[in-house]
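Since every read-out is calculated from the coordinates, none of them should be taken as a lab result. On a predicted model such as this, the values are computed, not experimentally measured, just so you know. All Cβ positions, glycine included, derive from the backbone under ideal geometry; neighbour counts span all protein chains shown.
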């Protein structure tokens, strides 16, 4: 029996907003970690575009043309940033450029805050934004540089900007607040990374459970079907045949009845190891069900398939299996078939191998039977 484990990792981790941000942020399929960085980066850029648009109009109404120009330039840069970022599969360099851009923009806000203190409140966005797109290490570096830079503009003499510097009380409170905020966000980012790694590990476990047989560690029925279908698509392009081997342990029920199911499990695991050792890396062995194994041989004709099957059969025949000191004589019967036509249904190819296996059982077992000419190999 095959159990299907549904992987709901992406269903729970991808909301409508997340999918929209990723779609806006990239034309590529992104890795999960990159996707986690890309979403806040795009959100920040979109938010900044909205803010610069609003303030460009706001300052235009009051004839502050310097700020209108600065906001329009920022608007163009932000739009260009999204356009460039969309083309990149890995955006670490661009995330640093985006952070640098905001480092250059925020001093203008700090200078304006020397006239109106409420402007200064915008600087508290920087720690959260930088950690979101840069991660822990680069986030700490960026925030340290930003703290030094902001203090320089806050404490610059009146002669430099024509306005009084921030009061010592504001500076001290800013240092304390910025340090505390950086520490809090750093710990939050650390916990997010731990959670993300845990979710990825769980996702990998689900994928393994859905693709591999837990006893033999071979591909299961679902996984081998997918690989055969993929090989069939390759066959359409390369026009090369592939073959399948369907094999069954002879007298397995008697073995279980005589020595118990633990012995049967031992035999299944041992047979799996032998089969795996007789194949190329590109081939795929699987546990088809019970004591049956299905093997996919890529770019292999019927003759080559027969050679591989006979090699496995002979290797198993010569192997002395011992369970709790008891010697066991194990043999397998093989049915083989080749899929030469890329349009042939996979089930038909497997069915022909199954019919050949059935004939092998009728002919005395421990043999290899080809589906094409029903010849004992």
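What's the long-distance tail for the chain, i.e. % of Cα pairs beyond 41 Å?
For the chain, the share of Cα pairs beyond 41 Å comes to 44 percent.
In nm, to one decimal, how far is the residue 188 label point from the residue 314 one, both placed 7 Å along Cα→Cβ?
Here the modelled spin labels are 6.8 nm apart.
Taking every pair of alpha-carbon atoms in region 107-239, give the share separated by more than 18 Å as a whole percent.
I get 68 percent for the Cα pairs in region 107-239 exceeding 18 Å.
Using Cα pairs closer than 8 Å and at least 6 residues apart in sequence, work out the relative contact order for the chain, in percent.
In percent, rounded to a whole number, it is 13.
If you build a Gaussian network model of the chain, linking Cα atoms that sit under 10 Å apart, which residue out of 251, 143, 366 swings the most?
Among 251, 143, 366, the largest mean-square fluctuation in the Gaussian network model of the chain belongs to 251.
Let me have the relative contact order for region 320-373, percent, based on Cα pairs under 8 Å that are six or more residues apart.
Relative CO of region 320-373 lands at 40 percent.
If a paramagnetic tag sat 7 Å from the Cα of residue 66 along the Cα-Cβ line, which residues of region 148-165 would have the backbone N under 13 Å from that point?
Residues 160-163 fall inside that zone.
In nanometres, what is the gap between the two model label sites at residue 79 and residue 222, each 7 Å from Cα along Cα-to-Cβ?
That separation, rounded to one decimal, is 4.7 nm.
Tell me, what is the percent relative contact order of region 221-370, built from C-alpha pairs under 8 Å that lie six or more residues apart?
Here the relative contact order equals 31 percent.
If each DSSP helix of 4+ residues adds -39,500 (n - 2.57) and the sum is divided by the residues in the chain, what number results at 222 nm, nearest 500 deg cm²/dmol?
On the way: 13 runs with 245 residues, N = 377.
It lands at -22000 deg cm²/dmol.
I want to make sure I understand the PRE zone here: with the label point 7 angstrom from the Cα of residue 262 toward its beta carbon, which residues in region 323-359 have backbone N atoms less than 16 Å away?
Residues 323-327 qualify, since their backbone N sits under 16 Å from the label point.
Among 308, 244, 282, which one moves the most in a GNM of the chain with springs linking Cα atoms closer than 10 Å?
Among 308, 244, 282, the largest mean-square fluctuation in the Gaussian network model of the chain belongs to 282.
Test of understanding: what is the full-extension gain from residue 103 to residue 122, defined as 0.36 nm times their sequence separation minus their Cα-Cα distance?
Once the chain is fully extended between residue 103 and residue 122, it gains 5.6 nm.
If each residue of separation counts as 0.36 nm, what is the full-extension length gain between residue 281 and residue 16 once their alpha-carbon separation is subtracted?
Going from the current span to full extension adds 91.4 nm.
Using every pair of alpha-carbon atoms in region 19-122, split the distances into 5 Å bins beginning at 0 and state the percent of pairs per bin, rounded to integers.
Taking every Cα pair in region 19-122, the percentages come to 2, 12, 20, 22, 16, 12, 9, 5, 2, 0.
Rg and Dmax in Å for region 9-207, alpha carbons only: what are they?
Here Rg and the maximum Cα pair distance are 18.8, 65 Å.
Over the chain, with a Gaussian network built from C-alpha contacts below 10 Å, which listed residue (191, 337, 130) shows the highest mean-square fluctuation?
For the chain, modelled as a Gaussian network with Cα springs under 10 Å, the answer is 191.
Under the √(5λ) rule applied to the eigenvalues of the Cα gyration tensor, what semi-axes describe the equivalent ellipsoid of region 221-370? Give them in Å, descending.
They are 28, 15, 13 Å, listed largest first.
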